[in-house]
Amino acid sequence: MFLENIVDNTIPTISPEISIIALKELFTQSGFLQLPVVTANQYLGMLDAKNLHFIEHEAESVIAATWYERSKPFIYAHAHPYDAQKILDLYQYDILPVLNTDDEYRGCIVSKKLQQFFAQLLNTDSEGSIIVLALALRDYSLSEIARICENEQVQLLSVGTRFNTQLQKLEICLKTNTQELSALLQAFERYDYEVLEYYGNSKNEEEIQRRYQLLMNYINM
């Protein structure tokens, strides 16, 4: 899936000639802490609302270019959502400008909408359970894990991995389609997989959010 499918072109943009008073109103109305500065469809940089705290006189005519030229994160529309998430995490922004192949401004990716995409991708709100395994990196075989699950009549809905620096092992987070895990857990133990955690099914919002955060850890590396 390319980012162009979830670009939001309703995010307000800032003109370099905007007045300070109008700028404050724009930030208040938008609800975002950062907004892109755009002129003639060209993206100039990102303006952070914290710069408004340094304004001594609201009568100042226009914003200073130094406020936005130092920060210019963006991503191309043909990139994958994983890449967008990495940039958002790096800058700790809620939105990320998107450009086309001609470097023209297309809109923004909103962090909340991106998280919804990952939630759907990882099946966080579907029936089933989560198992977190640990093993040496050299021993990792997704085909073997899938075969073990298949032998126990369990389907894998999503798989995430990350390297645990404390354990010096690879963690594998499995989302399955079943609540009954006893046979599968025993099977993994027979194959010398270390089971770090496992979670049963729950449909309440708090549990769904907890699962989502757990799975997102395997993306935000």
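The values are calculated or read from the model by the stated rules, or taken from the named source; none is laboratory data. In this text, all values refer to a predicted model and were calculated from it rather than measured experimentally. Here Cβ is always computed from backbone atoms with ideal geometry, including for glycine, and neighbour counts include all displayed protein chains. For accessibility, only protein heavy atoms count, side chains too; no ligands or nucleic acids. Shrake-Rupley method; radii C 1.70, N 1.55, O 1.52, S 1.80 Å.
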remark   = F188: passes all of (1) open to solvent by less than 80 Å² (accessible area, probe 1.4 Å); (2) modelled with pLDDT under 90 but (2)
Total residues in segment 150-170, condition farther than 23 Å from E180 by Cβ and touching a residue at least 12 places away in the same chain (Cβ under 8 Å) = 7
key: Which numbered condition M221 fails, given (1) modelled with pLDDT under 90; (2) in contact with a helix residue (DSSP H, G or I) (Cβ under 8 Å, 6 or more places away or on another chain); (3) of a type in the set (A, V, I, L, M, F, W, C); (4) open to solvent by 60 Å² or more (accessible area, probe 1.4 Å)   = (2)
query = Is there a residue in segment 142-160 that is closer than 26 Å to Y91 by Cα and modelled with pLDDT of 85 or more?
reply = yes
ask   = Which ones in segment 152-199 are in a loop (DSSP other than H, G, I, E, B), among the charged types (D, E, K, R) and closer than 13 Å to A134 by Cβ?
value = D192
request  = Can you tell me which residue within segment 27-49, out of those that are free of Cβ contacts under 8 Å to residues at least 24 places away in the same chain, of a type outside the set (G, A, S) and more than 20 Å from Y91 (Cβ to Cβ), is most open to solvent (accessible area, probe 1.4 Å)?
outcome  = Q29
ask   = Is at least one residue of segment 169-177 surrounded by 19 or more Cβ atoms within 10 Å (Cβ to Cβ), in contact with a helix residue (DSSP H, G or I) (Cβ under 8 Å, 6 or more places away or on another chain), at pLDDT below 95 and of a type in the set (D, E, K, R)?
value = yes
query = L99 fails exactly one of the following numbered conditions: (1) out of contact with any helix residue (DSSP H, G or I) (no Cβ under 9 Å at 6 or more places or on another chain); (2) within 23 Å of Y199 (Cα to Cα). What is the number of that condition?
reply = (2)
